[in-house]
Each structure stands twice: as structure tokens, then as C-alpha cells.
Amino acid sequence: VQLQASGGGSVQPGGSLRLSCTVFSRILSFRAARWYRQAPEKEREFVASISTGTNIDYADSVKGRFTISRDIAKNTLNLQMNNLKPEDTAVYYCNVLTNSRRNYWGQGTQVTVSS
């Protein structure tokens, strides 16, 4: 399974970015589709997920600011990020989890929030 993330960039605090991840497979066939991020010298951390059906979950640090969604027709996973903070600076990775519990990762896209 191949995933290709895009949409990262640099933005000032309070700004917005929209990340997209093209999944080169049928996105509904996966158990879950998720976003993670990794800041410099930190562990990769969970950001948001959309699971079987429409179960959605967010890390506490992004609740109310980030919105995860998927476009079934386009097989894309999206992450709308609003009111960005400097601590959101990281490389963002998209991920899918198969029904057999295998993980597949995209290549990562850099998000930098700085004044």
C-alpha cells in the first residue's frame, strides 16, 4: 500500500494548513486511517484517526483545532489544521492500519509554525 502526503508548509501562529494523503488503495478497506507527527528529538505521536465506520479520535493537544476527514471517492485522508501553534511544528505522517493489523506509512510532510 502506498501513501503520499502533501500540503505541509510554513505558517504563522494562528494560521491554518490542510494536509492531504492519497492512499493508492481503497481507503474504506482499512481498519483505520490516521495522522501522526514527530517533532525534532521527540517520539512520533498520535494526532488523529478515523476508524471503521466514522469513529473519530483526536489527541488532546489538537482537539477543537484539527479536523480529520476522508474523501472516499478520491481515496484521500485529510487533516484540516486551524489555530496552529509553534508546538504543532513537526513532520506529519499519514498511516493506514489494515484489518490484519499491518501499518503502512506515508513519507511525511513538514509543518512549521513560526512567527
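All of the numbers you see were taken from the coordinates with simple rules; none came from a lab. Because the structure is predicted, anything quoted here is derived from the model rather than measured. Glycine gets a Cβ as well: all are built from the backbone with ideal geometry, and neighbour counts include every protein chain shown.
The calculated FRET efficiency for Ala73 paired with Arg101, based on their beta-carbon distance and R0 = 30 Å, is about 0.65.
Of the peptides 36-44, 12-20, the order by per-residue mean of other Cβ atoms within 10 Å, starting with the highest, comes out as 12-20, 36-44.
Magnitude of the charge dipole for the chain, about its Cα centre and with charges confined to Cβ atoms of Lys, Arg (+1) and Asp, Glu (-1), is about 380 debye.
Packing here is the average count of other Cβ atoms within 10 Å per residue, and on that basis the peptides 99-105, 62-68, highest first, run 62-68, 99-105.
Taking the alpha-carbon distance from Lys74 and a cut-off under 26 Å, which lysines remain once sequence neighbours fewer than 8 residues away in the same chain are dropped? Filter leaves Lys63. Label zone of Asn55 (point 7 Å out along Cα→Cβ, amide N under 13 Å): in segment 21-38 this covers 31-33. Over all pairs of different C-alpha atoms, the chain has a mean inverse distance whose reciprocal, the Kirkwood radius, equals 14.0 Å.
Counting DSSP beta bridges with both partners in the chain, what percentage is antiparallel, nearest 5?
Values: 38 of 41 bridges.
Rounded to the nearest five, the antiparallel share is 95 percent.
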